[in-house]
Ligand SMILES: CC(C)(COP(=O)(O)OP(=O)(O)OC[C@H]1O[C@@H](n2cnc3c(N)ncnc32)[C@H](O)[C@@H]1OP(=O)(O)O)[C@@H](O)C(=O)NCCC(=O)NCCS
């Protein structure tokens, strides 16, 4: 797993703790995916996190957000590995438990990821999502954070479901306020 420069590997803010995920968190992370009625991403997420905790995605970083000891959200990122491409990152699996939605947890996680990537001189952060209505709240969140739609791969997931790629240009986000008490 990639090394991250965080003092004591965790940050606490108003009872929320964001920390790097560890192997023991697999069940707690999967409970987030299970909390959604149709468990849309459950199987692909399970496969991803099993591989991640087995060390198969060693360039990826995964965080969990805990509230009173319960994992209620997760987010991660990875560096784009294409030859000659620098400062490009992908946001991975931003997910909040349905039982804890609309409490600002995804925003806190995304703020945190963006701050980490600023320190790494990121130029852009991309995220891929879907045209399915399940992801409409995520898209609202990305747009609120300044992401813009940059591409659409039509019929990617099925005849009626496209992949949509959003991008955040770090040159454009200097003005977004960040709660400095989250900084490590
Ligand atoms: C999308 C998701 C991550 C938002 O998590 P959350 O912790 O509820 O988000 P927050 O409380 O930080 O809300 C931040 C913003 O997200 C959007 N949003 C989140 N839930 C929303 C809802 N039910 N209705 C409308 N907008 C919503 C809004 O823009 C909101 O800002 P606002 O409160 O100022 O309107 C969460 O609903 C989720 O995990 N959904 C399923 C998984 C998913 O789609 N992940 C992204 C994969 S690409």
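No value in this document is a laboratory result; all are computed from the given coordinates. Keep in mind it's a predicted model, so treat the numbers as computed, not measured. Counting neighbours? That spans all protein chains shown, and the Cβs are built from the backbone with ideal geometry, glycine included.
Describe numerically, in nm with one decimal, the distance between label points set 7 Å from Cα along Cα→Cβ at residue 119 and at residue 58. Output for this residue pair reads 2.3 nm. On full extension, the segment bounded by residue 22 and residue 88 gains 21.3 nm, given 0.36 nm per residue less the C-alpha separation.
Relative to the current alpha-carbon distance between residue 98 and residue 12, full extension at 0.36 nm per residue lengthens the span by 28.8 nm. Applying 1/(1 + (r/R0)^6) with R0 = 25 Å to the Cβ-Cβ distance of residue 154 and residue 38 gives a FRET efficiency near 0.60. The mean sequence separation of alpha-carbon pairs under 8 Å and at least six residues apart, normalised by the residue count of the range 45-184, gives a relative contact order of 17 percent. Cα gyration tensor of the chain, axes a ≥ b ≥ c as square roots of the eigenvalues: rounded (a/c below 1.5), prolate (a/b > b/c) or oblate? Cα axes put the chain in the rounded bin. Based on DSSP H segments of at least four residues, each scored -39500 (n - 2.57), the chain has a per-residue ellipticity at 222 nm of -7500 deg cm²/dmol. Taking a ≥ b ≥ c as the square roots of the eigenvalues of the alpha carbon gyration tensor, the range 100-160 is oblate, as a/c is not under 1.5 and a/b does not beat b/c.
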